[in-house]
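The values are calculated or read from the model by the stated rules, or taken from the named source; none is laboratory data. For clarity, every value in this text was computed on a predicted model and none was experimentally measured. All Cβ positions, even for glycine, are placed from backbone atoms using ideal geometry, and neighbour counts span all protein chains on display.
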Amino acid sequence: MPDQQPDPQLYVPRHNVMDADDVRPFVAAVATAQLVTVGADGAPDATFLPVLWEDDRLVGHVARANAHWRRIVDGSPALAIVTGPDTYVSPSWYAAKAEHGKVVPTWNYSVVHLRGRVAVHDDPDWVRGLVTRLTDRHETGRAEPWAVSDAPADYVTKNLRPIVGVELLVESVEAKAKLSQNRSDHDRQGVARGLTADGRDPDGLVQQ
């Protein structure tokens, strides 16, 4: 009998655990994910797609021409990867470089892994509802928000045919924010200054 394999998990050192209250807002702000599934033949597939996290479901859509959705086995395990901003961190930015020189490059980033069971929705009404909610989410706050109902009904119906809905029933959530939390205040301030000098907004890239 083969050895039991450990459950897959995201590597998250203690100081890189994302605050639980920040996870849903992070996913909502990014609003996209890489959906990873494994077909019946054991080969993996991945597709970048717009998403909404509604209660315990992550929903999105893919192009009908994308063979990925046809290879999804309903109810099979899936992984959705939501990534935020990321950046190279130069050791030259650390105050510690001048103090002792024992510094090396690294990479800062934030990521959320959502695991669960996946299902395909090749249903015009389901897809229309999803597209309407996605549109409302991204148009809210605009001076003149566009709505699906603004377009002729037959035109909307025609443009819904080339897409298919997908749904991940979320069973576990893992979230990591690697933002130089293990460095000193002076080192983090140096990273923020370095990013700013490079034309990058340090917000979301280094813990302030």
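Yes/no matrix, rows are residues, columns are (1) without any contact (Cβ under 8 Å) to a residue 12 or more places away in the chain; (2) among the hydrophobic types (A, V, I, L, M, F, W, C); (3) out of contact with any Pro (no Cβ under 7 Å at 6 or more places or on another chain):
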site: ASP150; (1), (2), (3): yes, no, yes
site: VAL156; (1), (2), (3): no, yes, yes
site: ASN159; (1), (2), (3): yes, no, yes
site: VAL164; (1), (2), (3): no, yes, yes
site: LEU169; (1), (2), (3): no, yes, yes
site: ALA175; (1), (2), (3): no, yes, yes
site: GLN181; (1), (2), (3): no, no, yes
site: ASP187; (1), (2), (3): no, no, yes
From the option list ARG24, ARG117, ARG71, single residue qualifying as touching a residue at least 12 places away in the same chain (Cβ under 8 Å) and within 11 Å of the chain's Cα centre (by Cα) is ARG24
Quick one: which helices (runs of 4 or more DSSP H) sit completely within the range 91-186 and have at least 3 residues that are over 30 Å from ALA197 (Cβ atoms)? 124-139, 153-160
Which listed residue, of LEU79, LEU35, LEU130, is of a type outside the set (Asp, Glu), more than 30 Å from ASN182 (Cβ to Cβ), out of contact with any Phe, Trp or Tyr (no Cβ under 9 Å at 6 or more places or on another chain) and crowded, with 16+ Cβ neighbours inside 10 Å: LEU130
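Every residue, every condition in (1) more than 30 Å from VAL59 (Cα to Cα); (2) among the basic types (Lys, Arg); (3) modelled with pLDDT of 95 or more, yes or no:
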| residue | (1), (2), (3) |
| --- | --- |
| LYS158 | no, yes, yes |
| GLY165 | no, no, yes |
| VAL170 | no, no, yes |
| LEU179 | no, no, yes |
| GLY194 | yes, no, yes |
| ARG200 | yes, yes, yes |
Taking the range 178-191 and keeping residues surrounded by 20 or more Cβ atoms within 10 Å (Cβ to Cβ) and farther than 21 Å from ASP19 by Cα leaves ASP187, GLY190, VAL191
Here is a list: ASP136, ASP122, ASP150. Which entry is of a type outside the set (Ser, Thr, Tyr), exposed (fewer than 12 other Cβ atoms within 10 Å of the Cβ) and at pLDDT 95 or above? ASP150
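In the list VAL191, VAL170, which residue meets the criterion of being farther than 30 Å from ASP7 by Cβ and touching a strand residue (DSSP E or B) at 6+ places or on another chain (Cβ under 8 Å)?
Among VAL191, VAL170, only VAL191 is farther than 30 Å from ASP7 by Cβ and touching a strand residue (DSSP E or B) at 6+ places or on another chain (Cβ under 8 Å).
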